[in-house]
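Reading through the structure tokens given below for one structure.
What follows is calculated from the coordinates using simple rules that are stated; it is not laboratory data. On a predicted model such as this, the values are computed, not experimentally measured, just so you know. Every residue, glycine among them, receives a Cβ derived from its backbone with ideal geometry; neighbour counts consider all protein chains shown.
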């Protein structure tokens, strides 16, 4: 998930940097970012987190306004390391990223946080999944699918916040959706950090190249989650549980690919 902000959201000299950057007209794509990340993983010695912060960004034109989504690859690398500890058994993690490399990265991140207490990423990534709570922010009519290229949703920040607030009200009045509710609260806190005229993009990323095309073409996760919340709002708890359960099961199967032989 990405947030694109208008130039007005950035202080100088960063604002001028991004304006000049976008004016070049050859800004990198998501595939370019992926290739650079993979190149770092095969370096010897292994580089757990880039030594320097990226000066690249994704850009977009939205209602005639230039929007920028900085990569902040180094910051995201630190955050990803924290998630890896939760996802992988220690022997597997130690083999992939030696403890000394992880310890050094942790020390660097702590030092960075002291200097940048308000720092936050513009991009959030799911491991072999799109977290279900993210679909609350978008609507089925915003879905864009180009086979073999991308599956994404784009929505104005104000609309994303409105949907999140409405979904939270419904979920808080129900029972059995505590994890989804907590996740939405956390996402909402993150979104509050950005300019109100930003754009939110929910992108399937590498999943568009690894999941079957037929499954992607038929995927309507945003619509399904919206239907489940609407059923809750209407008092149909059984229908909501069935809708949410089916959606959660589909994405559980996707996550299991991470650990498949």
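Which shape class, rounded, prolate or oblate, goes with segment 85-171 when its Cα gyration tensor gives a ≥ b ≥ c as root eigenvalues, a/c under 1.5 marks rounded, and past that a/b bigger than b/c marks prolate? The shape class here is prolate.
How much length is gained on full extension from residue 237 to residue 116, taking 0.36 nm per residue of separation minus their Cα-Cα distance?
Extra length available between residue 237 and residue 116 comes to 39.1 nm.
Judged by the gyration tensor of its Cα atoms, with axes a ≥ b ≥ c, segment 107-154 is prolate; a/c meets the 1.5 cut and a/b is the larger of a/b and b/c.
According to the Cα-based calculation, Rg over Rh for segment 2-115 is 1.04, with Rh computed by the Kirkwood formula.
Each part reduced to its alpha carbon centroid, segment 71-131 and segment 204-238 end up 28 Å apart.
Sorting the segments 152-160, 124-132 by their mean number of nearby beta carbons within 10 angstrom, highest to lowest, gives 152-160, 124-132. If R0 is 25 Å, the Cβ-Cβ spacing of residue 162 and residue 211 corresponds to a FRET efficiency of close to 0.25.
What's the FRET efficiency of residue 56 with residue 139 using the Cβ-Cβ distance as r and R₀ = 35 Å, to the nearest 0.05?
0.75
Peptides 217-226, 21-30 ranked from most to least packed give 217-226, 21-30, packing being the mean of other C-beta atoms within 10 angstrom over each peptide's residues. Annotation: peptides 247-253, 177-183, 209-215, ranked by per-residue average of other Cβ atoms within 10 Å with the highest first, follow the order 177-183, 247-253, 209-215. On the principal axes of its alpha carbon atoms, the chain extends 54, 49, 38 Å, with the longest extent given first.
In the frame of its principal axes, segment 132-259 has Cα extents of 40, 37, 28 Å, reported largest first.
Take the Cβ atoms of residue 108 and residue 190, set R0 to 22 Å, and the FRET efficiency comes out at 0.45. The base-10 log of I(q)/I(0) for segment 220-259, evaluated at q = 0.18, 0.27 Å⁻¹, reads -0.48, -0.81 [Debye formula, identical scatterers on Cα atoms, solvent excluded]. The helix-only estimate of mean residue ellipticity at 222 nm for the chain, built from DSSP H runs of length n ≥ 4 each weighted as -39500 (n - 2.57), is -16000 deg cm²/dmol after division by the residue total.
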